[in-house]
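Input: a single structure, listed below in structure tokens.
Rule-based calculations on the coordinates, nothing more; no lab input. None of these values were measured; they are calculated from a predicted model. Here Cβ is always computed from backbone atoms with ideal geometry, including for glycine, and neighbour counts include all displayed protein chains.
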Amino acid sequence: MSTEIYFANNYRDLCEQHGTASGFQFEFYCWRCHDTWRSPFEPYRGGRLAGWLNRGIGTAPGLLGRAWWGVTSAAEGLAGSGWGNARDAAFQRAIGAAQGHFNRCARCATYVCGHCWHPEQGLCFTCAPDSAGEMMAARQRGVNDMVTQQAYDEGQRQGKAQDGQTARQLVCPRCRAECHGGRFCPGCGHELARQASCSSCRATLPDGVTFCPTCGQRQ
């Protein structure tokens with residue numbers, strides 16, 4: 001039972017209990033890369049016999065009358081009664097074979113395939129990453145960081161030539177179209193980000209006012 005617990009979460013039951021394809025097969029997978037290995041298929045003869053009886057008798061049920069139901073039920077009952085023990089035995093054999101394809105990490109206790117196994121350390125590559133691989137990955141991260149920094153510096157250089165003080169309008173106050181900071185509205189042609197001033201006191205006027213809020217002069 002303890003062997004089954006080891007593989008409780010990284011195997012898939014492919015067994016078929018009924019029918020002419022009845023048999024046992026299990027698929028195990030690596031915790032790290034998810035590569036799979038399938039145990040050899042083992043036919044379940046009791047289930048296959050019941051399947052063949054059902055198929056054969058089903059072609060002419062009228063000839064047997066009520067006996068048809070009795071024969072098929074007996075065959076299915078016989079196959080079902082031996083299924084559990086036969087499956088457990090097949091599962092044990094599959095686990096024994098799978099242990100030759102997987103390794104149990106001494107640190108995280110997961111089973112991994114040979115491609116994800118560090119034999120010198122007795123650990124999986126998740127717990128003990130490959131030094132050469134880590135070196136190349138770190139080198140590429142350094143290249144990416146440097147390219148990112150250079151692009152950022154170039155953006156700052158270009159930003160010095162941009163006007164960051166002039167106000168930008170994102171929505172036209174006249175037609176409510178999106179302007180994306182342009183000088184004129186693409187929907188109605190209204191000139192944007194233009195601050196009107198009072199004709200009398202030259203104070204800046206808010207949009208849409210009729211009288212100057214500073215001197216009261218009608219605009």
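If the segment from ARG139 to ASP163 were pulled out straight at 0.36 nm per residue, it would be longer than the present Cα-Cα gap by 4.8 nm. Counting only residues 5 or more places away or on other chains, whose amide H sits under 5 Å from the amide H of LEU192 once H atoms are built in the peptide plane? Placed amide hydrogens put PHE184, CYS185 under 5 Å from LEU192.
How big is D, in µm² s⁻¹, for segment 80-130 by Stokes-Einstein at 4 °C and 1.567 mPa s if Rh is the Kirkwood radius over C-alpha pairs? This corresponds to a translational diffusion coefficient of 104 µm²/s.
On the beta carbon distance between THR36 and ALA128, with R0 = 30 Å, the FRET formula returns roughly 0.80. Rounded to the nearest whole Hz, the Karplus-based 3J(HN,Hα) values (6.51 cos²θ - 1.76 cosθ + 1.60, θ = phi - 60°) of segment 130-146 follow the sequence 5, 5, 5, x, 5, 5, 5, 5, 5, 4, 5, 4, x, 4, 4, 5, 5, with x at glycine and proline.
Considering Cα pairs under 8 angstrom that are at least six residues apart, work out the relative contact order of segment 83-205 and quote it in whole percent.
Rounded, it is 9 percent for segment 83-205.
Its relative contact order, with pairs defined as Cα atoms under 8 Å and 6+ residues apart, puts segment 162-219 at 19 percent.
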